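First up is the structure itself, then whatever we jot down about it.
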Amino acid sequence: MRDETITVVGLGRIGAPMLACFAACGYHVIGLDLDEGRLDLIREGRAPVPEPELEDLLRSNRHRITIARDYDAAVRDSGLTFIAVPTPSRSDGAYSLDHVLAACARIGDALRRTSDFHVVVVTSTVLPQDLDTTILPVLEDRSGRRCGRDFGLCYNPEFVAIGKVIRGMVHPDFVLIGESDPRSGDVLERAHRKVAGDRVPVVRTNFVNAELAKIAVNAFVTAKISYANMLGEICERIPGCDVDVVTSAIGLDGRIGSKYLLGGLGYGGPCFPRDNVAFSVMARRRGVEATLADATDAVNRRQVERILERARSLVRPGARVGVLGLAYTPNTDVVEESQGLLLAGAMAEAGFRVMVYDPLGLANARMVLGRTVEYASSAGECIDRSHLVLISTPWEEFKRLEPRRFAHNPRRVVFDCWRILPAEDVGRVADYVTIGKATEPRSVRSAD
């Protein structure tokens, strides 16, 4: 029974989908979290965070899910424990391990009271050498046992996007395992193959290679996003240039690929911005100038000011601006480092009268923006009350907006940052503007 039971510590945006995926594949899963509200929701078969498919999986597999508060029983009754707690950024850009170490202390205490071999899996993002120098010693000290002989330790980060977490776990490009010993790696690989299938590539290595590979992937992806955004800005200054044509062409080159090569707004969310900064911090600590990572971050930080400059060229300060999209990506309520949120704040500060709308992110946005903006109850209200409508998150709801919805006299400006609307149709009823294409100069709209 122990081999068919998994414990997940931390039931947030990664841990809750992980628990649901393992349960859906036949494991009995024990969930631990400090947040009683999350525990109650999962116990009822409800999702503690917005995530497609999550609630369906939790509801249909409730009989395989146990909510617990007792680490001793959870560790005793399971063969694997995943730690999926936050590692927030510190003031120096590195990650705080406080939550991970607190979980390890409790797990170590539980290991002291059992003689069974147990595998501890750190899923939370950490920096190279964190497992060897900080996490492993806590587990050995609290358990009184030797890693690799009496218990196992693995680093196993997820490569998923919020809003697509379950799809990413079930259909990953690869699984990365940093292992203390082959036995522990075998146990963890078997668990992943039950979720992702026998054909998924699995990379097994030591801790430091896995730790570096995780943040290196995110640093590389952010560099690709910033490169595409630079191309978009160049295209805006060359008549006839279209960033979609350019990126589609170069994405066909096998050395480059098309993923994340779009040309739109900058990257945001809880991972990309901080992981790129942490990568740079990690490199500098070792005497390496992370010039590319620093340039990537600089390009990304410039995007909000760049869009604000273009807005100023389209409508005068005092005009009503509607921002559609505050979540950093569709299908989530996460607004952390969101380009839409940052743009709304910057536009309000610049003297525009800003109204915002998002299908899921309004409550979280309100905690950041406060009374500096107005909040619409629907996309339609936001459009109706705006001279300029800026689409900052490519929600499906916004893609389905009828072009006639933007009609107004005098013509309003539609700034489609992701080119999700039919340009020709919208252009018949409004002044359609986008990123990555050269546009004819327009006269600046007044605020009346």
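Amide H to amide H under 5 Å from L153: which residues, 5+ apart in sequence or cross-chain, H placed 1.01 Å off N in plane?
Answer set, sorted by chain and number: V120, G148, S180, D181.
As a footprinting exposure proxy, order D173, D186 by other Cβ within 10 Å, with the fewest listed first.
With the sparsest Cβ surroundings first, the list reads D173, D186.
In whole angstrom, note down how far apart the Cα centers of region 359-373 and region 10-41 are.
Each part reduced to its Cα centre gives a spacing of 28 Å.
Using DSSP to define loop residues, name the trypsin sites (Lys or Arg not before Pro) in region 253-335 whose beta-carbon has at most 13 other beta-carbon atoms within 10 Å.
R255, K259, R286
Less than 15 Å Cβ to Cβ from G168, Lys/Arg counted +1 and Asp/Glu -1: what total charge do the surrounding residues give?
Value of the local net charge: +1.
Dipole of the chain, Cα-centred, from +1 at each Lys and Arg C-beta and -1 at each Asp and Glu C-beta, to the nearest 20 debye?
The dipole of the chain has a size of about 540 debye.
Using a Förster distance of 41 Å, how high is the FRET efficiency between R46 and T372, based on the Cβ-Cβ distance and rounded to 0.05?
Efficiency, from the Cβ-Cβ distance: 0.80.
Which aspartates and glutamates does K224 reach when only Cα atoms under 15 Å apart count, and residues fewer than 8 places away in its own chain are ignored?
Within the straight-line limit of under 15 Å, K224 reaches these aspartates and glutamates: E233, D244, D253, D275, D294, D297.
Which one, P330, I162, V208, projects farthest toward the positive side of the charge dipole computed for the chain from Cβ point charges (K/R +1, D/E -1)?
P330
Test of the criteria: in region 262-341, which GluC sites (Glu not before Pro) are in a DSSP loop and have at most 15 other Cβ atoms within 10 angstrom of their Cβ?
E289
What is the dipole size for region 67-165, taken about its Cα centre, with +1 at each Lys and Arg Cβ and -1 at each Asp and Glu Cβ, in debye to the nearest 20?
That gives a dipole near 160 debye.
No partner Cβ under 4.7 angstrom, meaning no disulfide-compatible partner by this rule: which Cys of the chain qualify?
Singleton cysteines: C21, C25, C104, C147, C154, C271, C382, C417.
Treat every Asp and Glu Cβ in region 280-406 as -1 and every Lys and Arg Cβ as +1, leave all other atoms uncharged, and give the resulting dipole magnitude about the Cα centre to the nearest 20 debye.
340 debye
Using modelled backbone amide H atoms (1.01 Å from N, in-plane), which distant-in-sequence or interchain residues come within less than 5 Å of I65's amide H?
Sorted by chain and number, the residues that satisfy this are V29.
Counting other C-beta atoms within 10 Å, and keeping those with at most 15, which DSSP coil trypsin sites (Lys or Arg not before Pro) do you find in region 1-87?
Hits after loop and neighbour filter: R46, R69.
Along Cα→Cβ, 7 Å out, is where each label goes; now give me the distance between the ones at I234 and R2 in nm to one decimal.
So the label points at I234 and R2 sit 5.9 nm apart.
Based on the Cβ-Cβ distance from S248 to K194, what FRET efficiency comes out when R0 is 30 Å, to the nearest 0.05?
0.20
Which whole-number percent of Cα pairs in region 54-164 have a distance greater than 24 Å?
Pairs farther apart than 24 Å: 31 percent.
Would you mind pulling out the separation of the Cα centroids of region 279-308 and region 228-252, in Å?
Measuring centre to centre over Cα atoms gives 22 Å.
In whole Hz, what ³J(HN,Hα) sequence does region 338-346 give by Karplus (6.51, -1.76, 1.60; θ = phi - 60°), x for Gly and Pro?
5, 5, x, 5, 5, 5, 4, x, 5
Pull out the extension gain between R113 and T133, defined as 0.36 nm times the separation in residues minus the alpha carbon to alpha carbon distance; nm, one decimal.
Value of the extension gain: 4.8 nm.
Local charge sum around A295 (other residues, Cβ-Cβ under 12 Å, Lys/Arg +1, Asp/Glu -1)?
Charge balance in the 12 Å sphere: -1.
For the pair R90 and C241, what calculated FRET efficiency results from E = 1/(1 + (r/R0)^6), where r is the Cβ-Cβ distance and R0 = 41 Å, to the nearest 0.05?
FRET efficiency, C241 to R90: 0.45.
Taking the beta-carbon count within 10 Å as an exposure proxy, list C147, C271, C417 from fewest neighbours to most.
C147, C271, C417
Report ³J(HN,Hα) in whole Hz for each residue of region 179-189, in order, from the Karplus equation J = 6.51 cos²θ - 1.76 cosθ + 1.60 where θ = phi - 60°; Gly and Pro get x.
Along region 179-189, the couplings run 10, 7, 6, x, 4, 5, x, 4, 4, 5, 4 Hz.
Over the C-alpha atoms of region 157-227, what are the Rg and the largest Cα-to-Cα span, Dmax, in Å?
Computed over the Cα atoms of region 157-227, radius of gyration and Dmax are 13.1, 42 Å.
Quick check on the exposure proxy: order Y227, Y267 from fewest to most C-beta atoms within 10 angstrom.
The most exposed by this proxy come first: Y227, Y267.
Once both labels are modelled 7 Å past Cα along the beta-carbon direction, what's the E289-E381 spacing in nm?
5.3 nm
Where a number appears in this text, it was derived from the coordinates with a stated rule and is not lab data. All of these numbers come straight from a predicted model, not from anything done at the bench. Ideal geometry is used to build each Cβ from the backbone, glycine not excepted, and the neighbour counts take in all protein chains shown.
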